[in-house]
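A.B. asks: Here it is, the structure, as structure tokens.
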Amino acid sequence: MNHQTKINAWRVIWSMVRFRPWLWTINLVAMLIHMSAFQLPGLAMRYYFDLLTGSAPAGYGLWTLVAFLFAGEVFRLLGVLGLIRTNVPFFVHCLALLRRNMLRHILKRPGATALPDSPGEATSRFRGDAFEIPLYALWLNDLIGLMVFAVIALVVMYRINAQITLIAIIPFIFVGVVANAACTKVEHYRRESRRATGIVTGFIGEMFGAVQAIKVAVAEMQVIARFRELNEARRKVALRDRLFNEVLHSIFRNAVNVGTGIILIVAGRAMRQGTFTVGDFSLFIYYLSFISELAAFSGLLQARYRQIGVSIERMGRLMEGAPADALIDLAPIRLNEKHSAGEGNLTVAASLDTLSVENLTYHFPGTTRGIRDINLEIKRGSFTVITGRNGAGKTTLLRVLLGLLPKDAGEIRWNGEPITDAGAFFVPPQAAYTAQIPRLFSDTLRNNILMGLPADDQAVFEAICAAVLEEDFHTLEEGLDTQVGPKGVKLSGGQLQRTAAARMFVRSAQLLVFDDLSSALDVETEQRLWERLFAQRDTTCLVVSHRQAALRQADQIIVLKDGRVAAQGSLAELLETCAYVRQIWYGETEDGQTPAVSAANV
């Protein structure tokens with residue numbers, strides 16, 4: 001769903017009902033029982049006042065009133081029990097479905113494509129916007145219950161006195177007109193309120209993520225001033241939204257007072273004529289409170305329906321590029337079942353023999369930058385290095401190959417079989433990938449390596465050793481339970497990269513893809529990492545690097561220039577034929593840094 005695609009709000013709400021129909025239906029029946037139970041106290045009150053004034057029909061007495069009240073309470077409790085057993089399960093299941101569908105399509109986005117809005121905005125859509133829809137589906141049952149009660153009440157009132165009944169409902173007709181006229185304003189204020197909240201939330205996230213930059217620039221006071229400015233704008237918009245809704249609610253709920261006044265004015269003559277009793281008057285007032293509730297609730301739902309339209313539009317923008325019905329995909333939700341991160345519909349392919357790429361092409365939208373007509377073949381157990389100057393297309397090639405960016409043309413084959421969905425295929429156990437700047441979470445070292453994988457500590461230690469992290473590990477005070485801080489801030493650059501490598505190794509993938517993994521490693525550590533990797537595993541590697549340790553290990557080296565393959569071969573071959581490889585091989589300094597490269601042609 002892109003931001004131009006709109007899906008009708010009723011379709012989304014009805015899909016929630018279809019997702020858990022029995023829970024919704026039982027909830028509706030419970031609500032009908034609950035609301036019907038309130039008829040009996042009203043009738044009991046009518047007979048009570050008629051008994052006091054001597055207007056009650058013969059045969060009715062104190063025990064009749066007790067029976068009415070007892071039956072009403074029993075029915076009410078049965079309804080409450082049904083609501084308790086269905087409200088929360090229906091709401092939680094539907095909320096989980098909406099969040100699952102949004103997250104699913106966010107994770108399908110191309111790897112180099114940012115979200116259309118800030119992380120704070122995205123969070124508000126998972127929280128506030130998704131919350132509205134299942135709640136509205138449950139509110140429909142409240143509305144139906146009130147409507148059934150109101151129909152019964154109006155029939156009873158009409159049979160008692162038609163004229164008074166018709167006059168008494170005039171204020172509620174007015175309420176319906178006001179509610180309809182206010183819908184556009186409600187929608188506008190809710191849209192602005194949600195947008196302002198997302199801006200503030202996003203700024204908080206960015207502020208916490210840029211603490212060092214703020215301190216270096218001595219900009220604390222300016223940042224705080226900007227935060228106050230954004231929060232003040234949000235406060236004003238939220239206040240308008242809340243105030244407008246409260247004014248509407250006040251109009252809705254005061255309709256009962258107007259209706260009571262009308263009854264008092266017109267009922268006097270009927271009482272003098274003996275056609276309208278004190279009990280009838282008390283019953284009318286009792287019913288009007290529920291009819292007023294119906295009018296207020298109907299107006300509320302009408303306003304919230306417009307607000308839900310805004311929420312659905314915002315959620316659709318977050319799922320940019322997904323099919324129109326992606327938000328309401330009725331997929332299974334397993335809230336009460338335990339399952340590991342390794343479960344799911346992952347493709348398990350035959351053991352890798354060869355991975356081939358033919359004419360692989362991708363251009364960034366609106367530019368000529370990217371890769372063109374890339375051809376390569378990777379054999380099982382081999383070590384392939386991709387190198388080239390900055391901007392040559394090395395990282396882009398890896399991302400297109402792995403499906404993190406959508407290819408424009410070309411074909412990828414695994415053992416000769418074409419891969420139709422590279423993004424879904426190149427995951428463990430087929431492939432594992434470590435980006436140039438890997439991401440860690442504010443969690444323990446163990447959880448950052450496993451990321452939900454059901455592996456034991458022995459497997460984690462083996463992965464740590466393979467990543468040459470064991471010496472650093474022994475210096476950590478709490479071992480695997482050490483908190484690494486937000487984005488791994490408590491680790492050095494090299495430790496962070498090797499932790500990401502351990503995360504890759506613990507998954508035992510057939511193809512390991514590294515994007516300049518060794519950029520933060522010293523030469524000796526990098527050499528040990530490659531030696532351990534090939535000493536212990538039947539490993540196939542595809543590596544972006546310009547370092548000697550990687551080039552020395554390589555079975556084939558691919559040199560990229562301007563998004564194309566400029567040279568390809570073994571190290572010995574390229575040292576004779578490729579100026580760029582000669583330059584990085586003979587020009588690399590002892591500390592592993594490459595000096596500036598001239599513009600000499602490859």
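A.B. asks: Being under 17 Å from residue 247 (Cα atoms) and touching an Asp or Glu at 6+ places or on another chain (Cβ under 7 Å) is the filter here; which residues of region 269-303 pass it?
C.D. replies: 297
A.B. asks: State all residues of region 522-579 that are farther than 24 Å from residue 432 by Cβ, acidic (Asp, Glu) and outside any loop (DSSP other than H, G, I, E, B); if no residue qualifies, say none.
C.D. replies: Once the filter is applied, which keeps residues that are farther than 24 Å from residue 432 by Cβ, acidic (Asp, Glu) and outside any loop (DSSP other than H, G, I, E, B), region 522-579 yields 524, 573, 576.
A.B. asks: Search region 382-418 for residues being modelled with pLDDT under 90 and at positive phi, and hand back the single one that is surrounded by the fewest Cβ atoms within 10 Å (Cβ to Cβ).
C.D. replies: In this case the residue turns out to be 391.
A.B. asks: Search region 468-477 for residues being without any contact (Cβ under 8 Å) to a residue 12 or more places away in the chain and among the charged types (D, E, K, R), and hand back the single one that is surrounded by the most Cβ atoms within 10 Å (Cβ to Cβ).
C.D. replies: By that ranking, first place goes to 470.
A.B. asks: Mind checking which residues of region 514-540 are surrounded by fewer than 24 Cβ atoms within 10 Å (Cβ to Cβ), within 22 Å of residue 425 (Cβ to Cβ) and either of a type in the set (D, E, K, R) or in contact with a helix residue (DSSP H, G or I) (Cβ under 9 Å, 6 or more places away or on another chain) (or both)?
C.D. replies: Of everything in region 514-540, those that are surrounded by fewer than 24 Cβ atoms within 10 Å (Cβ to Cβ), within 22 Å of residue 425 (Cβ to Cβ) and either of a type in the set (D, E, K, R) or in contact with a helix residue (DSSP H, G or I) (Cβ under 9 Å, 6 or more places away or on another chain) (or both) turn out to be 515, 537, 538, 539.
A.B. asks: Among 420, 387, which is the only one that is among the polar types (S, T, N, Q) and touching a His at 6+ places or on another chain (Cβ under 9 Å)?
C.D. replies: 387 is the lone residue from the list that is among the polar types (S, T, N, Q) and touching a His at 6+ places or on another chain (Cβ under 9 Å).
A.B. asks: Let me ask you something else. Tell me, yes or no, whether region 375-394 has at least one residue that is out of contact with any helix residue (DSSP H, G or I) (no Cβ under 6 Å at 6 or more places or on another chain), within 26 Å of residue 453 (Cα to Cα) and part of a loop (DSSP other than H, G, I, E, B). Outline the logic, then answer.
C.D. replies: If we filter region 375-394 for residues that are out of contact with any helix residue (DSSP H, G or I) (no Cβ under 6 Å at 6 or more places or on another chain), which is where we start, we get 375-382, 384, 387, 389-394.
From what is left, the residues that are within 26 Å of residue 453 (Cα to Cα) are 380-381.
Next, only the ones that are part of a loop (DSSP other than H, G, I, E, B) stay: 380-381.
Checking region 375-394: at least one residue is out of contact with any helix residue (DSSP H, G or I) (no Cβ under 6 Å at 6 or more places or on another chain), within 26 Å of residue 453 (Cα to Cα) and part of a loop (DSSP other than H, G, I, E, B).
A.B. asks: Report, by residue number, each residue of region 495-527 that is hydrophobic (A, V, I, L, M, F, W, C) and more than 23 Å from residue 389 (Cα to Cα).
C.D. replies: Taking region 495-527 first, the residues hydrophobic (A, V, I, L, M, F, W, C) are 496, 500-502, 504-506, 509, 511-514, 517, 520-521, 523.
Hits for region 495-527 are 496, 500, 501, 502, 504, 505, 506, 509, 511.
Residue by residue, here is whether (1) at pLDDT below 80; (2) out of contact with any Pro (no Cβ under 8 Å at 6 or more places or on another chain); (3) of a type in the set (Ser, Thr, Tyr); (4) surrounded by fewer than 15 Cβ atoms within 10 Å (Cβ to Cβ) holds:
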{"residue": "87", "(1), (2), (3), (4)": "no, yes, no, no"}
{"residue": "98", "(1), (2), (3), (4)": "no, no, no, no"}
{"residue": "112", "(1), (2), (3), (4)": "yes, yes, no, yes"}
{"residue": "174", "(1), (2), (3), (4)": "yes, yes, no, yes"}
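A.B. asks: May I ask you to list the residues in region 348-375 that are farther than 14 Å from residue 540 by Cα, surrounded by 15 or more Cβ atoms within 10 Å (Cβ to Cβ) and more than 33 Å from the chain's Cα centre (by Cα)?
C.D. replies: Listed by number, the residues that qualify are 357, 358, 372, 374.
A.B. asks: Identify, from the list 503, 564, 547, the residue that is closer than 23 Å to residue 422 by Cβ, modelled with pLDDT of 80 or more and over 33 Å from the mean Cα position of the chain (by Cα). Quick ask: steps written out before the conclusion?
C.D. replies: On the way: 503 fails: over 33 Å from the mean Cα position of the chain (by Cα); 547 fails: closer than 23 Å to residue 422 by Cβ.
Going through 503, 564, 547 in turn, just one is closer than 23 Å to residue 422 by Cβ, modelled with pLDDT of 80 or more and over 33 Å from the mean Cα position of the chain (by Cα): 564.
A.B. asks: Got at least one residue in region 69-81 being in a helix (DSSP H, G or I), modelled with pLDDT of 90 or more and in the same structural domain as residue 141 (by TED's automatic domain parsing)?
C.D. replies: yes
A.B. asks: Output yes when any residue across region 419-431 is of a type in the set (A, V, I, L, M, F, W, C), in a strand (DSSP E or B), in contact (Cβ under 8 Å) with a residue 24 or more places away in the chain and loosely packed, with under 13 Cβ neighbours inside 10 Å, and no when none is. Spell out how you get there, then give the answer.
C.D. replies: Taking region 419-431 and keeping what is of a type in the set (A, V, I, L, M, F, W, C), we get 419, 422, 424-427, 431.
Of the ones still in play, those that are also in a strand (DSSP E or B) are 431.
Subsequent filtering for residues that are in contact (Cβ under 8 Å) with a residue 24 or more places away in the chain retains 431.
Narrowing further to those that are loosely packed, with under 13 Cβ neighbours inside 10 Å: none.
There is no residue in region 419-431 that is of a type in the set (A, V, I, L, M, F, W, C), in a strand (DSSP E or B), in contact (Cβ under 8 Å) with a residue 24 or more places away in the chain and loosely packed, with under 13 Cβ neighbours inside 10 Å.
Okay, residues lined up against (1) assigned to a helix (DSSP H, G or I); (2) surrounded by fewer than 16 Cβ atoms within 10 Å (Cβ to Cβ); (3) out of contact with any strand residue (DSSP E or B) (no Cβ under 7 Å at 6 or more places or on another chain); (4) touching a residue at least 24 places away in the same chain (Cβ under 8 Å):
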position	(1), (2), (3), (4)
198	yes, no, yes, yes
206	yes, yes, yes, yes
215	yes, yes, yes, no
221	yes, yes, yes, no
229	yes, yes, yes, no
234	yes, no, yes, yes
239	yes, yes, yes, no
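A.B. asks: Sticking with this structure for a sec: Look at region 488-521 and say how many of its residues are outside any helix (DSSP H, G or I), within 26 Å of residue 454 (Cα to Cα) and of a type in the set (Ser, Thr, Tyr).
C.D. replies: Residues meeting the conditions: 1.
The values are calculated or read from the model by the stated rules, or taken from the named source; none is laboratory data. Just so you know, these numbers come straight off a predicted model, no measurement behind them. We place every Cβ from the backbone using ideal geometry, glycine too, and count neighbours over all the protein chains shown.
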